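A.B. asks: My questions will all concern the structure given below.
The values are calculated or read from the model by the stated rules, or taken from the named source; none is laboratory data. No experiment lies behind these values; they were computed from the predicted model shown. Cβ: placed from backbone, ideal geometry, glycine included. Neighbour counts: every protein chain shown.
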Amino acid sequence: MSSTICNVASLAGDGIGPEVMREAIKVLRAVEKKFPLQFNLTEAPVGWAGIDAAGQALPDATLALCRKSDAVLFGSVGLPDRDPTLPKEARPERAALLRLRKEFSLFANLRPVKLPKELAHACPLRPERHGEGIDILVVRELTGGMYFGQPKKTEVISPGVTRAIDTMVYTTPEIERITHVAFRAAQMRRRKVTSIDKANVLENGVLWREVVTGIARQYPEVALDHMFVDNAAMQLILKPAQFDVVLCENLFGDILSDEAAALAGSLGMLPSASLGATTGERTFGLYEPAGGTAPDIAGKNLANPIAQILSAGLMLRHSFGAQAAAAAIEQAVGKTISAGFRTGDIFNPADPGARKVGTREMGDAIAAAL
Ligand code: NAD
């Protein structure tokens, strides 16, 4: 059988980035042995590594590589203690990450939050609240709404009185395309979408609800319900197991995705995908862990590589349509957790079946479980 060629830019970045990326690549190489996929992985510097190599957080050559790739597997960037004189606009978080999001119009952010029952100790909620485990996918619109709407300004309107203005704007095509992303994701999961809005107060909420309801008719096998954002914030804590796919506009998604993330106990477990345009069968995407560069544990073989490995899994699912290979990565992670492998962030000394391991051993175990 001929293999599908997957051209991937691998941008490890700073801090724990290179350590966890190494493990994700190890797992992708194990995937290649089992599935008809061939990964053409090209590594390039980004973040402080980009500044050191080429004087820019996103060197021109790195951006050019991303342009000719099908997907970007990203580590993380930023080292707060380095060169405080470098202005914000040139620092990695803005000059690399935000630039990439903008450059590729990455409009859909997907954040799966999964709490396996073996890691219940890491969840801040009482056990009866999460039952058999939490498994939520937050789909957040990433390029519209209040963060980008115009006018956006701060002005002095009379002596001693300053006014700040942010504007929430959405158009029907913007709502339609993110709704399709959420419903397609739900088709691959438990077939339920909860759409979040504030239709009782905001014009945007009324339009959001109307458009989502219209698109839902194209997916009769997926159940849709609507929830006001204030109630959703509460329900995530009270009864997280009721959610499958949670669909949000940008601002609400920013807040609720972090709230949902806290339920999983460690940033080291949380992958993410930011999706752009679909051409033919392929969707361009940037895949990265939800956490940052973790300078406190960098270079010590302590970081949990699972977020990076699951990000590679999301890449297979969303950019390459390789559902079976993506599921195999998720199952291998599940098996490794069940077998007791734990990096420090998810280790519970009271669990007799748990064994503390380093970044490399965790990656080895997941690759072997494939
Ligand atoms: P952080 O996410 O790097 O770390 C927060 C805490 O979580 C730390 O205690 C860290 O050790 C832990 N942690 C994170 N990932 C882990 C993993 N894989 N395994 C085990 N523990 C893990 O957040 P921070 O300290 O606020 O930020 C550090 C730097 O990262 C900053 O420069 C920040 O701007 C940057 N950052 C980058 C991204 C990104 O590239 N997408 C995202 C967030 C933060």
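A.B. asks: Scan segment 180-197 for residues that are closer than 19 Å to Gly144 by Cβ and crowded, with 18+ Cβ neighbours inside 10 Å and jot them down.
C.D. replies: Residues satisfying the conditions are Val181, Ala182, Phe183, Ala185, Val193, Ser195, Ile196, Asp197.
A.B. asks: For Arg209, are the conditions met, namely being in a strand (DSSP E or B), of a type outside the set (S, T, N, Q) and over 23 Å from Arg101 (Cβ atoms)?
C.D. replies: The answer is no for Arg209.
A.B. asks: Which of the following residues is within 30 Å of Glu176 (Cα to Cα), modelled with pLDDT under 95, of a type in the set (Gly, Ala, Ser) and outside any helix (DSSP H, G or I): Gly291, Gly285, Gly353? Show your work before the answer.
C.D. replies: Details: Gly285 fails: modelled with pLDDT under 95; Gly353 fails: within 30 Å of Glu176 (Cα to Cα).
Answer to the selection: Gly291.
A.B. asks: So, one more: Looking at Asp225, Asp230, Asp254, which is the one that is in contact (Cβ under 8 Å) with a residue 12 or more places away in the chain, surrounded by 15 or more Cβ atoms within 10 Å (Cβ to Cβ) and not aliphatic (A, V, I, L, M)?
C.D. replies: So the residue among Asp225, Asp230, Asp254 that is in contact (Cβ under 8 Å) with a residue 12 or more places away in the chain, surrounded by 15 or more Cβ atoms within 10 Å (Cβ to Cβ) and not aliphatic (A, V, I, L, M) is Asp254.
A.B. asks: Starting from residues that are closer than 17 Å to Pro116 by Cβ and buried (at least 17 other Cβ atoms within 10 Å of the Cβ), keep the ones in segment 348-364 and report whichever is nearest to the chain's Cα centre (by Cα).
C.D. replies: Among residues in segment 348-364 that are closer than 17 Å to Pro116 by Cβ and buried (at least 17 other Cβ atoms within 10 Å of the Cβ), the one nearest to the chain's Cα centre (by Cα) is Met362.
A.B. asks: Would you confirm whether or not segment 274-289 contains a residue that is within 9 Å of the ligand (Cβ to nearest atom), under 14 Å from Arg140 (Cα atoms) and within 11 Å of the chain's Cα centre (by Cα)? Can you show your working first?
C.D. replies: Initially, segment 274-289 is screened for residues within 9 Å of the ligand (Cβ to nearest atom), giving 288-289.
Those still in the list that are under 14 Å from Arg140 (Cα atoms) too: none.
Within segment 274-289, none of the residues are within 9 Å of the ligand (Cβ to nearest atom), under 14 Å from Arg140 (Cα atoms) and within 11 Å of the chain's Cα centre (by Cα).
A.B. asks: Okay, next question. With the requirement that a residue be closer than 19 Å to Ala325 by Cβ and within 6 Å of the ligand (Cβ to nearest atom), what does segment 290-309 give you?
C.D. replies: If the condition is that a residue be closer than 19 Å to Ala325 by Cβ and within 6 Å of the ligand (Cβ to nearest atom), then Ala307 is the only one that fits.
A.B. asks: Could you please give the count of residues in segment 67-92 that are more than 8 Å from the ligand (Cβ to nearest atom) and within 20 Å of the chain's Cα centre (by Cα)?
C.D. replies: 5
The rows are residues; the columns are (1) among the small types (Gly, Ala, Ser); (2) crowded, with 21+ Cβ neighbours inside 10 Å.
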site: Ala260; (1), (2): yes, yes
site: Ala277; (1), (2): yes, no
site: Lys300; (1), (2): no, no
site: Gln308; (1), (2): no, yes
site: Met315; (1), (2): no, yes
site: His318; (1), (2): no, yes
site: Arg342; (1), (2): no, yes
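A.B. asks: Can you say whether Leu106 is more than 13 Å from the ligand (Cβ to nearest atom) and among the hydrophobic types (A, V, I, L, M, F, W, C), as far as the supplied structure shows?
C.D. replies: No; evaluated as a whole, the condition is false for this residue.
A.B. asks: Follow-up. Considering segment 42-72 alone, what residues qualify as being surrounded by fewer than 19 Cβ atoms within 10 Å (Cβ to Cβ) and β-branched (Val, Ile, Thr)?
C.D. replies: Once the filter is applied, which keeps residues that are surrounded by fewer than 19 Cβ atoms within 10 Å (Cβ to Cβ) and β-branched (Val, Ile, Thr), segment 42-72 yields only Thr42.
A.B. asks: Looking at segment 109-180, what strands (runs of 3 or more DSSP E) fall wholly within it and have at least 2 residues that are without any contact (Cβ under 8 Å) to a residue 40 or more places away in the chain?
C.D. replies: Hits in segment 109-180: 153-158, 161-165.
A.B. asks: Same structure again: Just to be sure before I move on: is Arg22 within 12 Å of the ligand (Cβ to nearest atom) and of a type in the set (D, E, K, R) in the structure I sent?
C.D. replies: On the way: within 12 Å of the ligand (Cβ to nearest atom): no; of a type in the set (D, E, K, R): yes.
No, not satisfied.
A.B. asks: Okay, next question. Provide a single number: the residues in segment 310-342 that are farther than 24 Å from Phe183 by Cβ, among the small types (Gly, Ala, Ser) and within 16 Å of the ligand (Cβ to nearest atom).
C.D. replies: Residues in segment 310-342 being farther than 24 Å from Phe183 by Cβ, among the small types (Gly, Ala, Ser) and within 16 Å of the ligand (Cβ to nearest atom): 1 in total.
A.B. asks: Output the residues belonging to segment 333-354 that are within 23 Å of Ile297 (Cα to Cα) and of a type in the set (S, T, N, Q).
C.D. replies: Thr336, Thr343, Asn348
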